[in-house]
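The values are calculated or read from the model by the stated rules, or taken from the named source; none is laboratory data. In this text, all values refer to a predicted model and were calculated from it rather than measured experimentally. So basically every Cβ, Gly included, is an ideal-geometry build from the backbone, and we count neighbours across all protein chains shown. Each accessible area value is taken on the protein alone, full model and side chains, heavy atoms only, with ligands, DNA and RNA left out. Shrake-Rupley method; radii C 1.70, N 1.55, O 1.52, S 1.80 Å.
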Amino acid sequence: MLWRNPEGFSPKSGEFVYVKLPWLNEGGSQWHPFSIYLREATKEGLDSLRLQSHPLLETDSNRSGDDDGVDTNIGALESNRSQDNLFEFTKYVLENEFGAKHNDPTSLVMYEARQSLKRFDTTQVFISPIGDWSKQLLQQVSSRKQLQSCWIRGPFTSPYFVAHDFSHLVLTASGIGITPALGVMGQYPGSTRTKVLIWSTRSKTMAKFFAPLLKDAHLSVIFYTGKEKLTSAELGRIRSQGNIFIQQSRPSSLTGTIGSIITLFENEMNGGSDDGAANIMDIDRSLRNAWCLLYCGGSKIIRDQMKTFAKEKGLGWECELFDW
């Protein structure tokens, strides 16, 4: 959903608004909260979906659904080295994102910090048809060609505003819970914050739509759990959108994955020597305190796991659960 900002409406990425659609047959009087995203990306995401669904772009083997199940990250990297596991992929990304900058003093001058804040003329929210209200919305807008008006209340500060107080962010999400993570990544462009996205989704359409928006992350890890596997061609196109690693299954340990990634990042940012930390608890506590773990999704089990992990490891913590 996209609208042009009226005079006096000055939202920031990472905030949220309440949306009311009085023309809905049912639920027209209800207010629903959504995280906002300022960079106009609806067309970019839809173009990505159209491109990846074009029959002429699929080979015979891809159309038959053949896939060896190995995440080789073709198209995402210029290296010919096989990137068949997250550990090796993360090391490769770090060597290219941070390693080259150690010997380049000019890299310490942040381009983003020298720019004035960009003002956007439009604001958008992403709505997934998973509830009665959103399913009805999809049905009604799909049968109409004319634009519809909406009422907006806000913007309001999101729990994710805590990201302002940390240098390094691990943004974990499930399903449509990726939206506040996208807002935070857009709020802190380039290297103004370290941004790691860890996203679980079972929707192939959602993975394709949001892939072009993941360029703002230094590392994106997608655990795709849909019944219909992504083909080799689909994997290649998604990975080409940034430093994106895709595993077509659940992680063996989500907290273990987070701890390993933080350890790899800290070792690289502190010289990349071979005698770095072996695990997250080997990292100096003051350095761990600069990391913040954020979660948005509908799982209280995952929330509780993340909260306990953050407390034990000395990380910052905040979450959203769609329970405003």
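Looking at the structure I just gave you, is SER252 open to solvent by 40 Å² or more (accessible area, probe 1.4 Å) and not acidic (Asp, Glu)? Before you say what the answer is, go through the steps one by one.
Values: open to solvent by 40 Å² or more (accessible area, probe 1.4 Å): yes; not acidic (Asp, Glu): yes.
Judged against the criteria, SER252 is a match.
Scanning region 125-170 for residues that are outside any helix (DSSP H, G or I), modelled with pLDDT of 80 or more and within 17 Å of GLY183 (Cβ to Cβ) yields VAL125, PHE126, ILE127, ILE152, GLY154, PRO155, PHE156, THR157, SER158, PHE166, LEU169, VAL170.
Once region 137-163 is narrowed to residues that are over 17 Å from GLU7 (Cα atoms) and among the small types (Gly, Ala, Ser), the residue that is surrounded by the fewest Cβ atoms within 10 Å (Cβ to Cβ) is SER143.
Within this structure, THR225 passes the test of being open to solvent by less than 50 Å² (accessible area, probe 1.4 Å), over 15 Å from the mean Cα position of the chain (by Cα) and closer than 21 Å to LEU86 by Cα.
Where helices (runs of 4 or more DSSP H) fall wholly inside region 209-300, the ranges with 3 or more residues that are aliphatic (A, V, I, L, M) are 232-239, 254-269.
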